[in-house]
1. Between Gln145 and Glu99, what is the label-point separation in nm under the 7 Å Cα-to-beta-carbon projection?
2. Just to check I understand the Karplus step: with θ = phi - 60° and J = 6.51 cos²θ - 1.76 cosθ + 1.60, what whole-Hz values come out for region 225-231, glycine and proline as x?
3. Each label point is 7 Å from the Cα along the Cα-to-Cβ direction; what then is the distance between the points at Arg109 and Asn241, in nm?
4. Measuring from a point 7 Å past the Cα of Ala227 along Cα-to-C-beta, which residues in region 242-267 have an amide N at less than 17 Å?
Amino acid sequence: MTEPDATSPATPPAVPPGGPIRPRDATQGVAVHAPARGNRRLEALLDAANADDRLKAWWHMQQVVADRLGMSDHSWVHVQVVLNVALRLFRLLVKRGVEPAMVSDHLMRERDAEVVIAAACLLHDSGMSIHRTDHEEYSLFLAAQALPELLADAYSEPERSVVVAETLHAIIGHRRRGDPMTIEAGVVRVADALDLAQGRSRVPFENRRPNIHSLSAAAIDAVEIKAGEQRAVTIEIAMNNSAGIFQVDELLATKLRGSGLEQHVEVIARIDAEHEKRLVPVFRI
């Protein structure tokens, strides 16, 4: 499996502008990739996902619904970004001794926690294929259908059902008031919010319907996730305009609070543009 460098959020290829397209054409060639680092169960999950036309159809429909609402990207591109960011976050946390639920509650391994995180990332927005409102809840019953098959080559029972249950918890936990109770769920919740850079504004701008989400996303130049000094993770966000504060404070900070990762993650957002009045030159969470 060809794997991108996960030292920063993945930069997938651009998705062409929306428009009528046959489902088979929309899903052809779609595949998500992430660095498995020798985790064979994670490799098996990703291989199963990339061979699953039903899952790809859900990813396609997520974007169809987003297009109808003039929203930012919710396609497989968003899924891949969140997947890579989540694994990056989790591995930095583990390096600093943070113990996931798969270890503390089930006496399994960090690698099993990676599978839970990846599976939740793959399916966290699948409910968007039905409706935006309460999509996290719709994601649960779609994921409950898909996960036993996606995990069939990686786990046997009863471990498979434990992984499914923890994955479903991480999926529902990514919503605004999701109350995540595991490190795995907190990682998925924060990773979802970290897909906030310029690329997510593509759809509204192409449709000439910019909104606060697209405008603020366009103000984010780059997001870097690295090992921190005082905390396990430092997230540095480069902004070209103060509009980016909406992404950082309203979206990211909201997801970080209550995630269980607050004491492990530091967020620093800077505005470096010369034309800015610099009302908020540095914004910290």
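Please treat every number below as a calculation from the coordinates, not as lab data. Since we're looking at a predicted model, the values are computed, not measured. Cβ placement follows ideal geometry from the backbone for every residue including glycine, while neighbour counts extend to all protein chains displayed.
1. 3.9
2. Result, rounded to whole Hz: 10, 9, 5, x, 9, 7, 10.
3. 4.8
4. Only 264-266 fall inside the zone, counting backbone N under 17 Å.
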